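Below you'll find the structure, written out as structure tokens, and then a few comments.
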Amino acid sequence: MSTTTPPRQEEPARQAAPEPTNHVLVVDDSVMDRHLAGAIIHKLGGWHATFAGNGLEALDSVAQKMPDVVLTDMLMPEMDGLELVQTLRGKYPLLPVILMTAHGSEDIAIKALQKGAASYVPKKFLARDLGETLEQVLSTSQTNRSKTRILESLTHQETRFVLENDTALVAPLVGHLEEQITRLKMCEPGGQILIGVALHEALTNAILHGNLELDSALREQEEKHYYQLARERRNQEPYHSRRVFVTAILNHEEAHFTIRDEGNGFDPSTLPDPTDPENLGRVHGRGLLLIQTFMDRVEHNERGNQITMIKRRSA
């Protein structure tokens, strides 16, 4: 009886373990606590840790090789966790910092969170919570970095808004437009503030003087009555149904802002001379003076219910 030897089954090739891809810088003056945090991180898979004994060492380490996340103790010599968070926030705003908190460091941890730390993990729950916290913070950080890269690629933007006659909407809209100006790097921070002031004046004028038809002379005589009348007219027709239309066209060279109200308009030729020093002390015309001063070009339509402001990129 002949027998045949079954073919030899080859063992499947072992796949090499994936190289850790995410880097955590652990900052703690306690050698034991550093090793504990490092052991937890290395068990997570896909993560590896490097170490620093205090905030100054951490800054040197970050300068040499940027980690994905910084995990820091709060109470340390040389530079504590709060100082480290503040410094990293200023130098590397997209680098997230997670705090390791222990009894006695709660107050400083709260301050660090207020200064920009991304999250925290109590040391007594490090083994339970660190992995989930790292993943959560890294995911958010990567999204923010990708968003920042996309926004840095932005070359032209046009947005339109329709506002009710509520001056409480002015500041949030101005803040939003200032953010767009910052992203396009049109001017230095001081210049951005001046543009915001001009926008605030133009939008307020469109609501109060345009749609609600409030006379500036009334404000000079009795300011309380002026704002009382504004509140009344917001609920009366034809004022209630009117809207303010805002168009912002931004690119790297210029910013165009057009603001139009649905009021009766006015004769632009009757506007006071914004360059006349005597007009500095008057309520009437103050907004136009600021707009003319802070913008490079200002135009009104014939009806007087639309203003176009242009700001060119600063050198």
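The values are calculated or read from the model by the stated rules, or taken from the named source; none is laboratory data. None of the values given here were measured: they were computed from a predicted structure. Don't worry about glycine lacking a Cβ; one is built from the backbone with ideal geometry, like all the others, and counts go over all protein chains shown.
Can you name every residue in the range 57-76 that is surrounded by fewer than 16 Cβ atoms within 10 Å (Cβ to Cβ) and in contact with a helix residue (DSSP H, G or I) (Cβ under 9 Å, 6 or more places away or on another chain)?
Ala63
Residues are listed down the side, and each one gets a yes or a no for (1) in contact with a Gly (Cβ under 9 Å, 6 or more places away or on another chain); (2) part of a strand (DSSP E or B):
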site	(1), (2)
His23	no, yes
Arg34	yes, no
His42	no, no
Ala58	no, no
Pro67	no, no
Pro77	yes, no
Ile110	no, no
* Asked: Name the residues in the range 257-269 that are surrounded by 19 or more Cβ atoms within 10 Å (Cβ to Cβ) and farther than 23 Å from Thr182 by Cα, would you?
  -> Arg260, Asp261, Gly263
* **Count of residues meeting criterion [surrounded by fewer than 19 Cβ atoms within 10 Å (Cβ to Cβ), in contact (Cβ under 8 Å) with a residue 24 or more places away in the chain and not in a strand (DSSP E or B)] in the range 240-256** => 4
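Can you say whether Ala117 is modelled with pLDDT of 90 or more and small (Gly, Ala, Ser), as far as the supplied structure shows?
In short, no.
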* To do: Residue by residue through the range 195-223, note down the ones that are over 17 Å from Asp267 (Cα atoms) and at pLDDT below 85.
  => Leu218, Arg219, Glu220, Gln221, Glu222, Glu223
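Okay, residues lined up against (1) touching a residue at least 40 places away in the same chain (Cβ under 8 Å); (2) within 23 Å of Lys43 (Cα to Cα); (3) in contact with a strand residue (DSSP E or B) (Cβ under 6 Å, 6 or more places away or on another chain):
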site: Leu99; (1), (2), (3): no, yes, yes
site: Ser105; (1), (2), (3): no, no, no
site: Ala109; (1), (2), (3): no, no, yes
site: Leu113; (1), (2), (3): no, no, no
site: Gly131; (1), (2), (3): yes, yes, no
